[in-house]
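Quick note: the coordinates plus some simple rules give every number you see, no bench work behind them. Quick caveat, the model's predicted, so the values are computed rather than measured. Glycine also receives a Cβ, built like all others from the backbone with ideal geometry; neighbour counts cover every protein chain displayed.
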Amino acid sequence: MPRITTHNLCKYFVDNKKKVATAALYNTEADMPDKSFTVIMGKSGCGKTTLLRTLAGLVRPDDGQILFDETDVTDKTAAERNVSYLSQEFALYPHLTVFDNVAYPLKLQRVPAEEIRRRVDETCKLVGMAQLTSRRPRQLSGGQQQRVAIARALVNRPKVLLLDEPLGALDLRLRKDMQNELKNIQKQTGITFIYVTHDQEEALSMSDTIVVMANGEIQQIGTPADIYNEPVNAFVADFIGESNILDGTMPADYLAKFAGHEFKCLDAGFEKNEGVDIVVRPEDVDIVEPEKGMLRGTVTSVTFKGVHYEIIVDIGGFKWMIQTTDYCAPDSTIGLYIEPDAIHVMKKSEYSDMFGDYSSFSEEFDELSVVDNEEDDEEAGEE
């Protein structure tokens, strides 16, 4: 199963009415390991679906290169790449049984009947549908229909399975069940899975590798732990999980200054007094008595989240979010204690100062999307 890399991949969609071209992909450099589960994520319009469809051979890039291992597949069709593409729509044939739906791609290829039977039975067993092959789609639940669609995508034995938010139509409980199912199927088959989502919890729980996109460009590629604990810029820090992002400086190695105070940290290699972005995750802040705190503030709101309280604390006009199992009364004064390893220092970027504090929970970076509606642009601009 191939390792997939892209080099300087570009795709533009033209708005004929406005006579402008919009970059859905811009100099995209990606490296997706073989036999692994890679998740591409970002806000609507960031280019993730365009990237997936380009990897599938459904969209032709305007520039750049796509490699499966060392083979250049940029100009090859989807069939020549030996990939399967699974979208949110199950697209099952209502008049066909589960067996015939799954067998359909093999029949188109004129695979012998005995081989079809063997491969359909094998694949239906893999997705937990072996006992339901005689049923029609209307007799199945949403989760069962999803399994049939997955089986049909796998029966061809593709080298790569490309999944475009395939669980979006399912309810929350079923979606979580199917997340586990997909992860198990990937491990059993060893097929390279590339999965598009905007759901950060889904990405963190399912993936071996995460690709974070914004404005048609890849911001960061890494393991879920790397992406969460070591974001490269303010966009990634804000998009993956909750973050307190503050303006700061580095007076010296292992010393950060923000919120009017100096704090020990684990970061080095910056210029003296270089301006930086500081990230502190809400769960990494300890609440202490006011006189023992590195910072002191007033609790402005408390929300019970089941496993923890979500507390907003006003410190010098900046609203911090704290996640804690300790209850703090609104309007009380508390101290905050921050360990050196809880402070992550990032270089300034184009996304610096775009993300405010927790004064409100508005969608702070809707304006970051270059493409307003990626799917509409694709339909208007392709072929």
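Things worth noting here:
- Residue-by-residue Karplus 3J(HN,Hα) for region 290-300, coefficients 6.51, -1.76, 1.60, Hz, glycine and proline x: x, 6, 9, x, 5, 10, 10, x, 10, 6, 9
- Neighbour counts of C-beta atoms inside 10 Å place GLU114, GLU202 in the sequence GLU114, GLU202, starting with the fewest.
- Debye, to nearest 20: dipole size of region 244-354, +1 on Lys, Arg Cβ, -1 on Asp, Glu Cβ: 100
- Helical contribution to [θ] at 222 nm, DSSP H n ≥ 4, -39,500 (n - 2.57), averaged over the chain, rounded to 500: -7500 deg cm²/dmol
- Going by neighbour counts of Cβ atoms within 10 Å, the residues SER332, SER134 line up, fewest first, as SER134, SER332.
- A dipole drawn for the chain from +1 and -1 charges on Cβ atoms has a positive end, and of GLN139, SER243, TYR351 the residue lying farthest that way is GLN139.
- Restriction of the GluC sites (Glu not before Pro) in region 20-100 to DSSP coil positions whose beta-carbon has at most 12 other beta-carbons within 10 angstrom yields GLU70, GLU89.
- Least to most buried among ARG147, ARG296 (fewest other Cβ within 10 Å first): ARG296, ARG147
- Radius, Kirkwood style, for region 244-354 when every pair of distinct Cα atoms is counted (Å): 14.5
- Computed over region 90-146, Kirkwood Rh from alpha-carbon pairs, angstrom: 11.5
- Using the Karplus relation 6.51 cos²θ - 1.76 cosθ + 1.60 with θ = phi - 60°, the per-residue 3J(HN,Hα) values for region 226-232 come to 5, 4, 6, 8, 10, x, 8 Hz, with x marking Gly and Pro.
- Hydrodynamic radius (Kirkwood) for the chain, which is based on Cα pairs only, to one decimal in Å: 23.2
- For region 122-254, convex hull of alpha carbons as volume per residue, Å³: 142
- Residues whose placed amide H lies under 5 Å from that of TYR85, excluding near-sequence neighbours: LEU162
- Lys/Arg +1, Asp/Glu -1 at C-beta; the chain dipole; positive extreme among VAL288, ALA342, THR54: THR54
- Label sites at GLU271 and GLU89, each approximated as a point 7 angstrom past Cα along Cα to Cβ, lie 5.3 nm apart.
- Contour excess over end-to-end distance, with Cα ends at GLU289 and ASP226 and 0.36 nm allotted per residue: 19.4 nm
- In the structure shown, the pairs LYS257/LYS305; LYS48/LYS257; LYS43/LYS183; LYS48/LYS176 are assessed against 29 Å; a Cα-Cα span above that value is assigned to LYS257/LYS305; LYS48/LYS257.
- Each Cα pair under 8 Å and six or more residues apart adds its sequence gap; the mean of these over the residue count of region 244-354 is a relative contact order of 30 percent.
- Placing pseudo-labels 7 Å out from each Cα toward the beta carbon at ALA130 and SER332 gives an inter-label distance of 5.7 nm.
- Estimated FRET transfer efficiency when R0 is 22 angstrom, pair ARG60-ARG157 (beta carbons, to 0.05): 0.30
- Loop-resident sites, region 1-99, for trypsin sites (Lys or Arg not before Pro), counting at most 16 other Cβ within 10 Å (DSSP): ARG3, LYS17, LYS18, LYS19, LYS35, LYS76
- Extension gain, ASP199-ASN82: 0.36 nm per intervening residue step, less the Cα-Cα distance, totals 39.4 nm.
- Residue-wise HN-Hα coupling along region 275-281, computed from phi with Karplus coefficients 6.51, -1.76, 1.60 (Hz; x: Gly, Pro): x, 9, 9, 10, 10, 10, 6
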